[in-house]
């Protein structure tokens, strides 16, 4: 089953955002990157996945989540949702790789935030899956040191979006025991998508 193609105006808008990201020089990361990584996937997605920042393989290819942790993420999305990862849109809070994969700095997050907000507005997904603490706190507006145990495992209504937070797949590579919780969170996101109208109806009434 194929997704319907994106509207021409939506496709042009996303192409423009991608081009701005690739040419961006708003922070110092432009000096150390190989490629900026705008994002990829369906341009008419019901689910948007947001991570922290590109890693080494993503920097080389200019694509999000293509390294070891990315392959794990894509595998689990397919297993839980029963859909190809290309049916989602996948991106990061930060569009360029921080040196040595360090945490994003505040000025880098501020510089990239308009791109992320523009992507969310243009794609208008029903469900946003945040993987990792940085993406979760950015989207939910929480303090950056908020622990993942306070963020994951639930559905959060944010305007007309349903947000589900979970561990970053790189964390699972270091801590395989967290994998069942990760899969459980993806299951919560799937239920959020399935019950989107019901949840929004309850919230509004």
Quick check on my filter: what residues within region 45-65 are in a loop (DSSP other than H, G, I, E, B) and within 15 Å of the chain's Cα centre (by Cα)? 45, 46, 52, 53, 54, 55, 63, 64, 65
Enumeration of residues in region 39-71 that are within 15 Å of residue 130 (Cα to Cα) and out of contact with any strand residue (DSSP E or B) (no Cβ under 7 Å at 6 or more places or on another chain): 69, 70
If I go through region 66-88 residue by residue, how many of them are over 14 Å from the mean Cα position of the chain (by Cα) and part of a helix (DSSP H, G or I)? 9
Hey, residue 26 over 30 Å from residue 190 (Cα atoms) and assigned to a loop (DSSP other than H, G, I, E, B) or not: yes
Among the numbered conditions (1) under 17 Å from residue 39 (Cα atoms); (2) under 16 Å from the mean Cα position of the chain (by Cα); (3) surrounded by 13 or more Cβ atoms within 10 Å (Cβ to Cβ), tell me where residue 140 comes up short. (1)
In region 68-102, the residues that are surrounded by fewer than 19 Cβ atoms within 10 Å (Cβ to Cβ), more than 24 Å from residue 126 (Cα to Cα) and in contact (Cβ under 8 Å) with a residue 40 or more places away in the chain: 68, 99, 101
For region 151-167, which residues satisfy the criterion of being out of contact with any helix residue (DSSP H, G or I) (no Cβ under 7 Å at 6 or more places or on another chain) and either under 12 Å from residue 131 (Cα atoms) or surrounded by 14 or more Cβ atoms within 10 Å (Cβ to Cβ) (or both)? 161
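Here, each number is a calculation from the coordinates, and none is a lab measurement. Given the structure is predicted, the values throughout are model-derived calculations rather than measurements. A quick note on method: Cβ atoms are made from the backbone with ideal geometry, for glycine too, and the neighbour counts reach across all protein chains shown.
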